[in-house]
Amino acid sequence: MHRFCYFAIYALLTLPAALRAGSTASEGDYLIALYEHLHEHPELSFQEQETSARIALELERAGFQVTTGVGGYGVVAVLENGTGPVLMLRSDMDALPVREQTGLPYASTVVATQDDGNEVPVMHACGHDVHMTVLVGTARALAASRDTWHGTLVLVAQPAEERGAGARLMLADGLFKRFPRPDYNLALHASAELPAGSIGYTRGYAMANVDSVDINIRGIGGHGAYPHKTRDPVVLAAELILQLQTIVSREISPLESAVITVGSIHGGSKHNIIGDSVKLQLTVRSYSDETRDYLLRRIREISIGLARTAGLPEELLPEVRVKDEYTPSVYNDPLLTDKAAAVLKSEFGEQNVREVPPVMAGEDFARYGRTQPPVPSLLFWLGTVDPERYSVATEEGENLPGLHSPLFKPLPAPAIETGVRAFTALVRSLLAAASS
Ligand SMILES: [Zn+2]
Ligand SMILES: [Zn+2]
């Protein structure tokens with residue numbers, strides 16, 4: 001009931017905008033139905049079989065040349081429309097092992113089996129369903145108005161973003177060789193902190209380098225009452241955790257951003273036993289590659305140095321492993337960002353397009369820009385919060401459910417419409433000036 005009323009009001013409010021974008025009220029209904037379907041049928045990273053088939057079908061229907069199975073379940077859709085630059089728009093497709101608690105009529109009840117064999121609930125808790133719907137809406141709008149732009153559009157639906165793998169796999173499978181190489185890359189990400197109808201952008205570094213590090217501290221176990229006959233890995237772990245905190249606080253410039261968090265520690269089995277190992281799991285974040293290299297080098301040096309000081313022999317020094325689920329930092333090309341911000345401000349009004357600070361979360365979209373030669377890229381934030389809820393939360397200082405929360409609940413209609421209008425306006429702007 002509530003939803004019905006909302007959509008009626010929304011349709012009235014947005015009618016002029018919808019007409020401007022060349023779409024109709026039924027186009028909005030089409031996209032909402034697609035969104036609800038995607039939201040209700042989420043798939044985990046590396047398992048996006050049904051999702052990618054549906055997106056491929058939608059993009060084919062829109063009139064694009066579609067190739068599936070690029071870097072796993074990746075989909076690439078190309079539309080050549082005369083002479084002009086090549087622009088890539090990217091959406092991701094995967095969902096998360098989260099049990100949805102939004103209470104929405106189209107909430108997910110999906111359960112899937114993870115790589116480790118465990119059954120987990122699955123939810124689109126990062127808004128990738130919004131991203132896909134916006135991609136399809138943009139494809140339909142631009143295919144239906146080919147006289148408004150000139151050049152080549154490459155639409156990418158990428159798998160396994162949450163595992164930091166999809167972009168790497170698609171590039172390794174020839175994304176920029178088998179298909180037109182982009183002059184610009186654009187993406188958007190749902191924001192759980194901005195109201196639907198608004199857009200946020202960051203110039204330069206926008207998201208962090210994200211590394212996961214495993215440290216296996218070894219010791220020489222024994223009886224808890226005879227510590228002098230052991231080398232206690234629990235004490236060594238305690239010293240190491242504190243020492244690691246001084247890398248950011250004492251060795252990195254206060255003007256540079258970095259995070260070292262020890263998120264997990266496991267060791268020992270019983271009160272009176274000194275075990276022979278402790279395992280630590282760290283997340284390590286930074287913006288610049290120099291800082292990243294420094295953090296990883298110092299984590300290794302300090303781990304090994306402390307173990308030596310504790311009297312451990314060379315063969316029992318800690319194993320420090322940087323996992324390959326690395327995500328490079330997102331760097332928004334300043335010129336492209338300025339140009340895009342101007343286009344978006346004229347489309348939505350100054351008050352609806354705001355510059356926001358960078359965050360230390362990660363996004364593997366960064367990889368598409370970091371190829372040789374680099375491709376100017378921009379990832380911006382798409383507001384998804386119910387504007388009414390947003391103003392109440394702002395007034396009362398309440399924290400809204402963030403991305404990856406079981407309560408994350410985008411307001412789809414205005415968010416998707418804003419996303420489609422944003423992408424459409426940016427494509428028309430970037431693929432108009434250089435046309436011949
Ligand atoms: Zn996410
Ligand atoms: Zn995401």
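The values are calculated or read from the model by the stated rules, or taken from the named source; none is laboratory data. Note that the structure is a prediction, hence the values are computed from the model and not measured. Cβ coordinates were reconstructed from backbone atoms using ideal geometry, including for glycine residues, and neighbour counts include every protein chain displayed. These accessible areas exclude ligands, DNA and RNA; they are computed on the full protein's heavy atoms, side chains included. Shrake-Rupley method; radii C 1.70, N 1.55, O 1.52, S 1.80 Å.
Got a sec? Which of 397, 383, 402 is over 30 Å from residue 217 (Cα atoms) and either open to solvent by 60 Å² or more (accessible area, probe 1.4 Å) or at pLDDT below 95 (or both)?
Details: 383 fails: either open to solvent by 60 Å² or more (accessible area, probe 1.4 Å) or at pLDDT below 95 (or both); 402 fails: either open to solvent by 60 Å² or more (accessible area, probe 1.4 Å) or at pLDDT below 95 (or both).
It is 397.
Does residue 44 satisfy being within 21 Å of residue 98 (Cα to Cα) and at pLDDT 95 or above?
Judged against the criteria, residue 44 is a match.
Looking only at segment 350-392, which residues are closer than 17 Å to residue 162 by Cα and β-branched (Val, Ile, Thr)?
Passing the criteria: only 359.
Count, please, the residues in segment 346-379 that happen to be charged (D, E, K, R) and away from ligand 1 (no atom under 16 Å from the Cβ).
5
Can you confirm whether residue 233 is farther than 30 Å from residue 429 by Cα and either touching a Ser or Thr at 6+ places or on another chain (Cβ under 7 Å) or polar (S, T, N, Q) (or both)?
On the way: farther than 30 Å from residue 429 by Cα: yes; either touching a Ser or Thr at 6+ places or on another chain (Cβ under 7 Å) or polar (S, T, N, Q) (or both): yes.
So residue 233 passes the test.
Starting from segment 87-101, take each residue that is open to solvent by 20 Å² or more (accessible area, probe 1.4 Å) and list its partners that are more than 10 Å from ligand 2 (Cβ to nearest atom) and polar (S, T, N, Q), counting only C-beta distances under 8 angstrom and pairs at least six apart or across chains.
From residues that are open to solvent by 20 Å² or more (accessible area, probe 1.4 Å), the pairs are 97/114; 98/405; 100/108; 100/109.
Hand me the list of strands (runs of 3 or more DSSP E) wholly inside segment 271-363 holding 1 or more residues that are surrounded by fewer than 16 Cβ atoms within 10 Å (Cβ to Cβ) and of a type outside the set (A, V, I, L, M, F, W, C).
So the answer is 277-286, 319-322, 353-355.
If you check residue 391 against the conditions, is it at pLDDT 95 or above, over 21 Å from residue 137 (Cα atoms), polar (S, T, N, Q) and within 16 Å of ligand 1 (Cβ to nearest atom)?
Values: at pLDDT 95 or above: yes; over 21 Å from residue 137 (Cα atoms): yes; polar (S, T, N, Q): yes; within 16 Å of ligand 1 (Cβ to nearest atom): no.
In short, no.
List every residue pair whose Cβ atoms sit under 7 Å apart, with the two residues 6 or more apart in sequence or on different chains, where the first one lies in segment 329-340 and is on the phi < 0 side of the Ramachandran plot and touching a residue at least 40 places away in the same chain (Cβ under 8 Å) and the second, anywhere, is of a type outside the set (S, T, N, Q) and open to solvent by 70 Å² or more (accessible area, probe 1.4 Å).
Correct list of pairs: 329/205; 331/205; 332/203; 334/203; 337/203.
Scanning for something open to solvent by 10 Å² or more (accessible area, probe 1.4 Å), within 17 Å of residue 56 (Cβ to Cβ) and away from ligand 1 (no atom under 16 Å from the Cβ), does segment 115-137 turn up at least one residue?
no
Only one of (1) of a type in the set (A, V, I, L, M); (2) away from ligand 1 (no atom under 16 Å from the Cβ); (3) under 26 Å from residue 383 (Cα atoms) fails for residue 86. Which number is that?
Condition not satisfied by residue 86: (3).
Would you say residue 228 is exposed (fewer than 13 other Cβ atoms within 10 Å of the Cβ) and part of a helix (DSSP H, G or I)? Spell out how you get there, then give the answer.
Working: exposed (fewer than 13 other Cβ atoms within 10 Å of the Cβ): yes; part of a helix (DSSP H, G or I): yes.
So residue 228 fits the description; yes.
Could you list, ordered by first residue, the pairs with Cβ atoms under 7 Å in which the first is in segment 180-196 and within 25 Å of residue 372 (Cβ to Cβ) and open to solvent by less than 10 Å² (accessible area, probe 1.4 Å) and the second is part of a strand (DSSP E or B) and of a type in the set (Lys, Arg), at least 6 apart or interchain?
Close Cβ pairs (under 7 Å, with a partner that is part of a strand (DSSP E or B) and of a type in the set (Lys, Arg)) amount to 185/90; 187/90.
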